1. Can you compute the equivalent ellipsoid semi-axes for segment 6-110, i.e. the square root of 5 times each eigenvalue of the Cα gyration tensor, sorted largest first and rounded to whole Å?
2. For segment 6-110, calculate the relative contact order in percent as a whole number, restricting contacts to Cα pairs under 8 Å that are 6 or more residues apart.
3. If I take R0 = 56 Å and measure r between the Cβ atoms of R110 and Q293 in this structure, what FRET efficiency does the formula 1/(1 + (r/R0)^6) give, to the nearest 0.05?
4. Along each of its three principal axes, how wide is the spread of alpha-carbon positions in segment 171-218, in whole angstrom units, largest first?
5. Put a dot 7 Å past each Cα toward the Cβ at L66 and S91; how far apart are the dots in nm?
6. May I ask which of K253/K301; K144/K289; K144/K301 have a Cα-Cα span longer than 25 Å here?
7. So if I take the centroid of the Cα atoms in segment 291-311 and the same for segment 186-207, what is the distance between those two points in Å?
8. Each label point is 7 Å from the Cα along the Cα-to-Cβ direction; what then is the distance between the points at R49 and S252, in nm?
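Just so it is clear, none of the values below were taken in a lab; they were calculated from the coordinates. Predicted model only: the values in this text are computed from it and were never measured. All Cβ positions, glycine included, derive from the backbone under ideal geometry; neighbour counts span all protein chains shown.
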Amino acid sequence: MQTTQTFAGIDVSAKTLEVRRRREASEHRQEFSNEAAGHRELIKWLGKRARVCVEATGVYHLQLALALRAAGIEVMVINPRVAKDFSRSLSNRSKTDAVDAQVLLEYVVRMEFIAWNAPSEAVLELRELGRRISELVLTSTAEKNRLHARRVSAISRTVIADVRQHVAQIGRRIGAIEREALKVIKRDADLAEQYQILVGIKGVGRRSALLLLTELAVLDPTMTVRQLVAHAGLDPRVYDSGTSVHRPARISKVGNARIRAILFMVALSAVRRDRGARAFRDALRARGKKPLQALVAVMRKLLHGIWTALTRRIAFDGSILFAASLAQAESSDSAVAANQPEPARDHPKGRSAAEELRKQLDPGPAEATRRQKGLNAA
């Protein structure tokens with residue numbers, strides 16, 4: 001067994017890697033890009049006999065950790081809470097990328113080393129399949145928009161026929177990849193259990209469950225709900241400056257846009273099918289929140305409940321998640337009545353875009369039931 005020669009702490013962000021390296025008695029710092037080329041440069045800079053510590057940052061650290069592990073470098077991934085507490089023990093008063101990298105370096109040098117367990121091959125395969133489905137869904141939506149435009153213009157029947165055939169072809173490809181993804185899920189007991197939890201949630205269709213599992217299964221199960229919300233970019237961003245600039249709070253959108261896109265459609269469906277989600281949304285509307293603000297709050301609330309159910313392996317219960325809103329709705333005669341939502345008001349692009357995306361992500365409970373029976377019978 002080779003003796004570790006180099007220790008390093010790496011602060012990971014979406015675009016860059018801040019690295020502090022200690023070799024024998026000397027220390028050096030370097031910055032690399034958080035992409036494949038930057039990973040190769042970093043591996044060469046570290047050398048073979050290296051031990052590295054990184055902080056769990058959703059998907060930003062995943063490709064880096066996989067690349068380091070494949071190169072034979074020992075990797076430890078620690079929870080952000082652990083890194084924060086350790087930084088306090090060092091009496092750090094500043095927080096910069098360089099300081100964070102130094103903290104991680106000290107941690108890997110001083111603390112017990114626990115090697116990182118990479119996601120299983122099934123989880124990584126599912127992630128790739130799910131992301132390919134998302135790409136094809138976007139392509140299909142774009143082609144359907146072109147088909148509508150060509151039909152309105154009615155200039156070339158040949159072009160209309162070609163676009164229609166392409167839409168059908170993309171649909172077949174999506175179906176084929178979905179069937180392969182379901183096979184991956186069926187072969188892995190843990191993924192199958194999580195998938196069953198997701199399809200049991202009101203508002204989550206077969207495809208939405210598949211895509212959510214794709215993004216959530218690779219995450220560190222010790223992440224807190226607050227960290228997950230930040231990872232999805234659903235955390236509030238306050239913009240105040242001096243005494244005159246007070247812009248409305250908005251979500252940061254600094255995070256996994258795929259999770260936000262899926263949750264948006266899930267929330268639209270949930271306020272239609274789940275009385276608790278609808279009561280929660282209407283309560284916020286009654287307090288003066290704009291339609292989109294209320295819907296984002298539903299997204300955030302659903303993410304809380306979904307993550308809790310998946311990490312604890314328990315059934316999702318909307319009556320518990322939205323208990324306060326349901327109690328308020330039952331005791332109110334008017335302000336918080338659970339009315340049917342209006343898709344044109346909930347979706348910033350109007351009813352047609354909302355219905356199209358909903359159809360793409362949620363084929364419907366009847367088809368979901370048929371597909372699930374097929375999965376169980378296979």
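1. Output for segment 6-110: semi-axes of 20, 15, 12 Å.
2. Answer for segment 6-110 is 34 percent.
3. Calculated value: 0.80.
4. If we take the Cα atoms of segment 171-218, the spans are 27, 25, 17 Å.
5. Calculated label separation equals 4.3 nm.
6. From K253/K301; K144/K289; K144/K301, over 25 Å: K144/K289; K144/K301.
7. 17
8. Roughly 4.0 nm, to one decimal.
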